[in-house]
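See below for the structure under consideration.
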Amino acid sequence: MDIVLRAALAFGFIFFLTRVVGRRELSSLEPFDLIMLIVLGDLVQQGVTQSDYSVTGLVLAAGTIALMQVGVSYVNFRFKPLRSVLEGEPIVLIEDGRVLERNVRRERLTRQELEEQARLNQIVSLDDVRWAVLETSGQISFIPKQ
């Protein structure tokens, strides 16, 4: 039972961390970020199982985390009011060629990053963008002016 409680606590902590870190950072992993995720995974494993290397411990820890993930997915699917808490909401970054500085700052993005993403979407200038939206996945969607 101890492993189940530890796994549930670890799941909640990781869920909280992903909300604090921000969606943009998680969508573009640099080599250092990938290494940190591996280290974090090892630290979580040590905290969940301690020195229990049994198959039973593995099944309990992995099963608890899997069940919690399915539960969060179900709640997200079933209860619309909780979606913004569990998944987040898209954020408008550019409206009619005008960068919304408050939203860009809140997501810790720079104008250069926006321009880079626009170029990757074959958009020459931010003035040519009708809407730019930071999706819940961390990707930026650009809708050009017609």
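Residue-by-condition table, conditions (1) touching a strand residue (DSSP E or B) at 6+ places or on another chain (Cβ under 7 Å); (2) within 21 Å of residue 13 (Cβ to Cβ); (3) without any contact (Cβ under 8 Å) to a residue 60 or more places away in the chain:
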residue: 75; (1), (2), (3): no, yes, yes
residue: 85; (1), (2), (3): no, yes, yes
residue: 96; (1), (2), (3): yes, no, yes
residue: 101; (1), (2), (3): no, no, yes
residue: 117; (1), (2), (3): yes, no, yes
residue: 128; (1), (2), (3): yes, no, yes
residue: 132; (1), (2), (3): yes, no, yes
residue: 138; (1), (2), (3): no, yes, no
residue: 142; (1), (2), (3): yes, no, yes
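What number goes with the only condition from (1) within 25 Å of residue 144 (Cβ to Cβ); (2) within 18 Å of the chain's Cα centre (by Cα) that residue 11 does not pass?
For residue 11, the exception is condition (1).
Go through segment 87-125 and give me each residue that's loosely packed, with under 15 Cβ neighbours inside 10 Å and in a helix (DSSP H, G or I).
101, 102, 105, 106, 111, 112, 116, 119, 120
Here, each number is a calculation from the coordinates, and none is a lab measurement. The structure displayed is predicted, hence computed values, not measured ones. Using ideal geometry, Cβ is built from the backbone for each residue, glycine included, and neighbour counts are taken over all protein chains shown.
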